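Reading through the structure tokens given below for one structure.
The values are calculated or read from the model by the stated rules, or taken from the named source; none is laboratory data. All values derive from a computational prediction rather than experimental measurement. Neighbour counts run over all protein chains shown; Cβ positions are idealised from the backbone, glycine included. For the accessible areas, the whole protein counts, side chains as well, though only heavy atoms, and no ligand, DNA or RNA atoms are used. Shrake-Rupley method; radii C 1.70, N 1.55, O 1.52, S 1.80 Å.
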Amino acid sequence: MDPTYRPSPERSQLSGRYTENGTTVIVEIFRRLESVAWRMEVTSLEDQLTDWNETFSSDQEALDEFIYVVNTEGISVFL
């Protein structure tokens, strides 16, 4: 096997666009194929990237964290 080969990450079906109060962000929840840990990135439509340092045990846990942040801090925290 080629040592530079890296399989594409698995993208969660929970990934997608999220809109609140006219503001839209793109939530990407993914994991490497050989990993059990899920990661999350949130990107604004203006390309502001928020990357979580911690990992999640499930894609649902990652989405729950995103929703918690939106509910406590507002979606503008991602702009």
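Within the range 5-72, the chymotrypsin sites (Phe, Trp or Tyr not before Pro) that combine a DSSP coil assignment with at most 12 other C-beta atoms in a 10 angstrom radius are Y5. Write out the GluC sites (Glu not before Pro) in the chain meeting two conditions: DSSP loop, and at most 10 other Cβ atoms within 10 Å of their Cβ. Listed in order of number, the matching sites are E34, E46, E54.
Computed over protein heavy atoms with a 1.4 Å probe, the carbon and sulfur contribution to the accessible area of the chain reaches 46%. Between the helical axis of 59-73 and the longest alpha-carbon principal axis of the chain there is an angle of about 30 degrees. The residues of the chain expose, per residue, 68 Å² of accessible area to a 1.4 Å probe. Label-to-label distance for E20 and S57 is 2.5 nm, based on points extended 7 Å past Cα in the beta-carbon direction.
As a test, work out the antiparallel percent of DSSP beta bridges whose residues both lie in the chain, rounded to the nearest 5. Bridges in the chain that DSSP calls antiparallel: roughly 100 percent.
Seen through its C-alpha gyration tensor, with square-root eigenvalues sorted a ≥ b ≥ c, the range 29-76 comes out oblate because a/c lies at 1.5 or above while a/b is not bigger than b/c. Highest GNM mean-square fluctuation, the chain, Cα pairs closer than 10 Å: which of S57, S44, S12? The residue that fluctuates most here is S57. Could you check the spin-label model distance between S35 and R11? Points 7 Å from the Cα along Cα→Cβ, value in nm. With each label placed 7 Å out from Cα toward Cβ, I get 1.7 nm.
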